[in-house]
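Q: To start, I am sharing the structure in question, which I have written as C-alpha cells.
What follows is calculated from the coordinates using simple rules that are stated; it is not laboratory data. Just so you know, these numbers come straight off a predicted model, no measurement behind them. With ideal geometry, Cβ positions are generated from the backbone for all residues, glycine too; neighbour counts draw on all protein chains shown.
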Amino acid sequence: MRQLITYFGLAYLISWTIWFPLYGHALGLTHLPTLPYHHALGGLGPLIAAFLTTWIYQKQQGVKLLIKKCFQVRPIIYLLIALFSPFLIALVAATINYFVDNSPINLSGLLTSTEFLQFNLLTYFIYNLLFFGFGEEVGWRGFALPRLQKKFNALTSSVILTLFWAVWHIPLFFYKPGFTSMDIAGIFGWTFSLLTGSILLTWHYNSSRSSILVCAVFHSTVNMAFTADFGDNNYVNYMGFLITVWAILTIIVFKPKKLATYERANNTDSY
C-alpha cells in the first residue's frame, strides 16, 4: 500500500505542478509562462511517478521489468485490437448516426482531429501515444493496477483506479475546453466514461499478460476516435454508448474476478 500512496502522490504532484501555469489564474496568478503543448507535458506525470516509485522500492530490477512491459508485443492479437477497435467502433457510431439522425458519414473525419487540425493521422497518433498513452498508462495500468489486483478482484481494482484517475484530472476543470463547461450531469457522465475505459484497459492489460504497450495504444486510439472530426456531436454519444456496451459485455463474459481472456500470470505482476 505504501507503494501506491507514493505513486499517486507523485503522479498528482508532478502533473499538477507542470499544469500550474495553465490553471494558476483560478488562484489569482495570471500571465504565467507556458510552453507549446504544455497540457501534454503534464500527461507525463504518471509515467515519471511510476519509474520514480519503482526505483525507490524495487531499484534497477523493477525498472527493467517496467521497461520490458512497455515494449511487450505478444500475444499480438491484443495489440491489433487496441490499434483498430476504436476506429471500428467510430465507424459503427457514424453508421448509427446516419440511420438515426440522417447525418452523412464522413469517413475523412477519422483522418483529422477537432483538437489539433495541424496534425495528420500519424503525427496525432504519435502525440497521443507518447503523452497520454505511455504518459498515463505506464502509471495507471503498468504500476497501479497490478498492485491493486493483489488485494482486490479485477473489477474492483478498475473502480478504485478510476477514482484516483478522475482526481488526477481536477486541474483540467479550470482551464481545458470541454472540462470548464461541464455541469454536474456532465461530470457524472465523464466519470462514467472513465470507468468504462478503465474496465476495458484492465481487460487489455490482463489479457495481453501485462503489456503496457497494448494499453498505451488503446488509450491513444480511443482518444483519437473520440476527437475525430465528424462534425456531429451525436456521433460522440453513440461512440460512448458502444464503448459502454463493450465494457458491460467484458464484465459478463470475462467475469469481475479476472477481466481477462487468460488467467493472470502472477509472476508478471510481482515486481
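Q: How many lysine pairs does the chain hold where the Cα atoms are under 29 Å apart and the two sit 8 or more places apart or on different chains?
A: 25
Q: Now for a different question. In whole Hz, what ³J(HN,Hα) sequence does the stretch 125-131 give by Karplus (6.51, -1.76, 1.60; θ = phi - 60°), x for Gly and Pro?
A: Karplus-based 3J(HN,Hα) across the stretch 125-131 equals 5, 4, 4, 5, 5, 6, 7 Hz.
Q: Distances over 27 Å make up what percent of all Cα-Cα pairs in the chain? Mind showing how you got there, number by number?
A: On the way: 13927 of 36585 pairs.
For the chain, the fraction of Cα-Cα distances above 27 Å is 38 percent.
Q: Same structure, new question: Please give, to one decimal in nm, the separation of the simple spin-label points placed at Thr30 and Phe84, each 7 Å out from Cα toward the Cβ.
A: 5.2 nm
Q: With each label point set 7 Å from Cα along the Cα-Cβ vector, what nm distance links Ser181 and Gln118?
A: Here the modelled spin labels are 2.3 nm apart.
Q: Taking a point 7 angstrom from the Cα of Asn234 along the C-beta vector, which residues in the stretch 86-112 have backbone N less than 12 Å away?
A: So the set is 94-105.
Q: Which order, highest average first, do 5-17, 61-73 follow once you tally other Cβ atoms within 10 Å for each residue and take the mean per peptide? Can you show the working numbers first?
A: Numbers: 5-17: 17.8, 61-73: 15.7.
Averaged packing, sorted descending, gives the order 5-17, 61-73.
Q: Quick one: 3J(HN,Hα) in Hz for the stretch 99-108, Karplus 6.51/-1.76/1.60 with θ = phi - 60°, rounded, Gly and Pro as x.
A: 6, 7, 10, 6, 8, x, 7, 10, 5, 5
Q: Quickly estimate the mean residue ellipticity at 222 nm for the chain, helices only: each DSSP H run with n ≥ 4 gives -39500 (n - 2.57), and the total goes over all residues, rounded to 500. Can you show the working numbers first?
A: Numbers: 11 runs with 176 residues, N = 271.
Only helices count here, giving -21500 deg cm²/dmol.
Q: Suppose each label sits 7 Å from its Cα in the direction of the beta carbon; what would the Leu91-Phe174 distance come out to in nanometres?
A: 4.4 nm
Q: Here's something else I'd like to know. Which Rg and Dmax, in Å, describe the Cα atoms of the stretch 158-271?
A: 15.4, 47
Q: Now, a different point. Let me check I've understood the local charge: for Ile5, count other residues with C-beta under 14 angstrom from its C-beta, Lys and Arg +1, Asp and Glu -1. What total comes out? Could the numbers behind the result be given before it?
A: Details: positive: Arg2, Arg147, Lys151; negative: none.
Here the count lands on +3.
Q: Give the order of Trp140, Trp19 when sorted by the count of other beta carbons within 10 angstrom, beginning with the fewest. Mind dumping the intermediate values first?
A: Details: Trp140 27, Trp19 23.
Arranged by neighbour count, lowest to highest, Trp140, Trp19 become Trp19, Trp140.
Q: Order these by the 10 Å Cβ neighbour count, fewest first: Asp232, Asp101.
A: Details: Asp232 18, Asp101 11.
Taking fewest neighbouring Cβ atoms as first place, the list is Asp101, Asp232.
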